[in-house]
Amino acid sequence: MYNFKLPEELIAQSPASPRDHARMLVYSLKDKSITDSYFYNIDKVLPPNSTIVVNNSKVENCRWLFDNNIEVFVIEKLDSNTVRAMVRPGKRFKTGSIVQLTDFLEIKVMQIDKEGIRTLKLNVSHDDVRLKPYEHIPLPPYIAQNDKLSNEYQTVYAKPLGSLAAPTAGLHFTPELITKLKTKHSFTEITLHVGLGTFAKLTDENLLTNKLHSEKYIINQEAATSLNKSSNIVSVGTTTLRTLESVRRNTEMFEQGSYETDIFIRPGFKFNAVDSLITNFHLPSTSLLMLVAALIADKQNLTEADAAKELIRIYKHAISNKYRFYSFGDVMILV
């Protein structure tokens, strides 16, 4: 239901330049029309006095690359010397083994969980300055590692470190465009630290429990006040949408706080916060596609099957018109 065939040449390997010159597919939630435009025209399609909400989380240099094609992808820092990480090649990192990675760094494999994630004990702090040359921005696997793209893989408003992947819908904003938008609309920042689970394939357990991976989010008082005054909320990205709907799940007002969410937004979900969505084009068979279908279903009172069919129609238009896909690709707005 959420599958589509994408020509490999449409997978973007680098961003649009300038950022706001990405192509933009405009989908009307009111009449199902599709219009082709560019992101710098975003103001022309936003409802008057919208509140544009962005995720300001900053991507960490969590991909550690060493000689002999050894990779340690740090998912979580447990203390100053202990991390949870994915590793490659896995056969080098068996429970109890000690791996010498550099002349100053060795790690001991303390534990391996059922998903293959290792708990690693370092002989130095993970903040040791000698590690810096080995730390890289974690570009997605379909993009060749290229440190020249590190700044391009951060939004221009990124602040607190914590994400393992970029909230990519926000990559299209430039400082100049934000300044222009602020003359007519509100611009509000929240924080959700993106985990790898955001892009994971759906499992039977997800569908049975109606829950996804857990992610941490923060809304401060300034953001809560702005959101409570809003007449039209435009979510920039699925992570922002997930945050906003999590806050409003059990309350009629936005409240400040720091929480975790495992919310699974799929067709049948009732939206209490978000009116419009800006998002990139996503991988097949992921929760992100189901989230977009859920918004279509809710705003148009459609069944899941009909909403999925409508979403695939949109994607077929994007493919036939050679939109660029995934993290560095083009953008769509559902408004």
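Here is how the numbers come out for the structure above:
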item: Which numbered condition residue 201 fails, given (1) surrounded by fewer than 21 Cβ atoms within 10 Å (Cβ to Cβ); (2) of a type outside the set (A, V, I, L, M); (3) modelled with pLDDT of 95 or more; result: (3)
item: Only listed residue being closer than 12 Å to residue 335 by Cα and open to solvent by less than 20 Å² (accessible area, probe 1.4 Å), chosen from 42, 34; result: 42
item: Members of segment 83-124 found to be closer than 23 Å to residue 139 by Cα, open to solvent by 90 Å² or more (accessible area, probe 1.4 Å) and touching a residue at least 12 places away in the same chain (Cβ under 8 Å), listed by number; result: 88
item: Matching residues in segment 161-170 - criterion: being open to solvent by 10 Å² or more (accessible area, probe 1.4 Å), of a type outside the set (Ser, Thr, Tyr) and within 16 Å of residue 53 (Cβ to Cβ); result: 167
item: Residue 80 surrounded by fewer than 19 Cβ atoms within 10 Å (Cβ to Cβ) and in contact (Cβ under 8 Å) with a residue 12 or more places away in the chain; result: yes
item: Helices (runs of 4 or more DSSP H) enclosed by segment 210-320 - at least 1 residues per element that are under 15 Å from residue 52 (Cα atoms); result: 221-228, 238-247
item: Residue check for residue 307: among the aliphatic types (A, V, I, L, M), modelled with pLDDT of 95 or more and surrounded by fewer than 22 Cβ atoms within 10 Å (Cβ to Cβ); result: no
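Quick grid of which residues meet (1) modelled with pLDDT of 95 or more; (2) within 20 Å of residue 185 (Cβ to Cβ); (3) acidic (Asp, Glu); (4) in contact with a His (Cβ under 7 Å, 6 or more places away or on another chain):
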| residue | (1), (2), (3), (4) |
| --- | --- |
| 227 | yes, yes, no, no |
| 232 | yes, yes, no, no |
| 242 | no, no, no, no |
| 251 | no, no, no, no |
| 255 | no, no, yes, no |
| 259 | no, no, no, no |
| 263 | no, no, no, no |
| 267 | yes, no, no, no |
| 274 | yes, yes, no, no |
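The values are calculated or read from the model by the stated rules, or taken from the named source; none is laboratory data. Please read these numbers as outputs of a predicted model, since none were measured by experiment. Please note: Cβ atoms are built from the backbone with ideal geometry, for glycine as well, and neighbour counts cover all protein chains shown. Surface accessibility is based on the protein's heavy atoms, side chains included, excluding ligands, DNA and RNA. Shrake-Rupley method; radii C 1.70, N 1.55, O 1.52, S 1.80 Å.
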